[in-house]
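Accompanying notes for the structure given below.
Derivation of every value follows stated rules applied to the coordinates shown; laboratory data play no part. Everything quoted here is computed from the prediction, not taken from an experiment. Positions of Cβ are generated from backbone atoms using ideal geometry, with glycine treated the same way; all protein chains shown enter the neighbour counts.
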Amino acid sequence: MIRDDKLEQEIEDEFSKVHNEEIRIQKEIVQKEKQINTFRCFAWAIIAIGGLVLILGLLHYLGNSSNSNLKLNELGDFLSGAVASLWALAGLFLIYVAFLGQQKQMLYQSLEIKYGQLELKSTRLEIKGQKEQLKEQNKTMKLQQFENTFFQLLSLHNEIVKNMDIKGRSGNEVTGRDCFEEIYQMFFNECSKQRSERRRLNKNASLELSKEEVSKIFQKNYSKRKSDLGHYFRFLYHLLKFVHKSKIEMKKRYTNFIRAQLSSYELLIIFHYGLIDRNKELRNLLESYQIFRFLNQAEIINKNSLSGYKEQAYE
């Protein structure tokens, strides 16, 4: 899971603040509880004193029954002046106890709010981590889908090569990758015949063929075997294009797999085929992914043909 270091640090700092705040609030709560207990005790003590005064007043009244009307008025004045005052004071203490209780409850709520905010940030971090993890899983799944398709296409490419068959120079049937060697030797022999014919007509003529002449001879030989090579080159082009158009990273890793499948004579045939004017898109792909890195340049008929590709094709 990908972590958000900034958010994590913020949560740690917030947790430290909340922890210190909790210690402070707990101290305040302890003080409030002490005050509540103290004032509650005062209130109950005053209530008890008022009750005791009430009992004593009643006993005094009951023990002295002469002039009862006067005594009853005096008892009422006494009770309203003494007992009611004491109980009113006790009521004030109880109200203050209730006020302290509300303050204590507010301190608890304040602490809960702070922990709620901390929990919310932790949830945000967890959700963000899950999103990043989901992105990574999605990325991995897309890579797996790409690789499955890529290696199936690579297998089909090899199957196309395996199923190739041509009639060789000696009249025998040539199959598989041996076809490329046979085709290239035929192409090479055709170039040799062209040189010999030129020397026959003009003994002073140069034996070196221009790259245009070499390309023309190759195109002529390719046209004769278009049914064999056309499918091969179309598939190779779309295989490279599939990797090029994909959204994966390290595309050269996969084009290296393609290059590793190509024999020396395949590279030579692909080299000359890519120089045909209509194959600019294929040529760009061959250059971009250094397909000719291991090309045997000594086998190239005209070394000037190497300039038909950018330097990066050979790097």
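Numbers below:
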item	result
Formal net charge of residues neighbouring GLN194 (Cβ-Cβ distance under 15 Å; K, R +1; D, E -1)	+3
Vicinal HN-Hα couplings computed from phi for the stretch 304-309 (Karplus, 6.51 cos²θ - 1.76 cosθ + 1.60; Hz; Gly/Pro x)	5, 5, 4, 6, x, 10
Cut-off 12 Å between beta-carbons: net charge of the residues surrounding LYS251, Lys and Arg +1, Asp and Glu -1	+4
Cleavage-rule hits (trypsin sites (Lys or Arg not before Pro)) in the stretch 82-177: DSSP loop, at most 12 neighbouring Cβ within 10 angstrom	ARG169
GNM flexibility winner over the chain from PHE292, PHE42, PHE146 (Cα, springs under 10 Å)	PHE42
FRET efficiency for ARG234 and SER263, using Cβ-Cβ distance with R0 set to 22 Å, rounded to 0.05	0.70
Residue-averaged 222 nm ellipticity for the chain, from DSSP H runs of 4+ at -39500 (n - 2.57), nearest 500	-27000 deg cm²/dmol
Leading residue at positive end of dipole, the chain (Cβ point charges), from PHE151, ASN304, PHE42	ASN304
FRET efficiency for ARG198 and GLN297, using Cβ-Cβ distance with R0 set to 35 Å, rounded to 0.05	0.90
Summed residue charge, Cβ within 13 Å of GLU21's Cβ, Lys/Arg positive, Asp/Glu negative	-1
Only Lys, Arg (+1) and Asp, Glu (-1) charged, at Cβ; the stretch 163-314 dipole about Cα centre in debye	360 debye
When each of LYS252/LYS280; LYS139/LYS245; LYS211/LYS310; LYS211/LYS303 is checked by Cα-Cα distance, pairs over 18 Å	LYS252/LYS280
Likely footprinting exposure, ILE217, ILE300, fewest C-beta neighbours within 10 Å first	ILE300, ILE217
Dipole magnitude of the chain, debye to nearest 20 (Cβ charges: Lys/Arg +1, Asp/Glu -1, about Cα centre)	2120 debye
The stretch 176-280: relative contact order in percent, alpha carbon pairs under 8 Å with at least 6 residues between	36 percent
Sequence of TRP87, TRP44 once ranked by neighbouring C-beta atoms within 10 Å, starting from the fewest	TRP44, TRP87
Cα-centre dipole for the stretch 210-260 with unit charges at Cβ (Lys and Arg positive, Asp and Glu negative), debye to 20	140 debye
Residue among GLY50, GLY176, GLY168 with the largest mean-square fluctuation in a Gaussian network model of the chain, springs linking Cα atoms under 10 Å	GLY50
Candidates LEU52, LEU100, LEU143, ranked by Gaussian network fluctuation over the chain, Cα under 10 Å, top entry	LEU52
Kyte-Doolittle mean at least -1.0 and Cα axial length at least 30 Å: DSSP H helices in the chain	5-63, 84-162
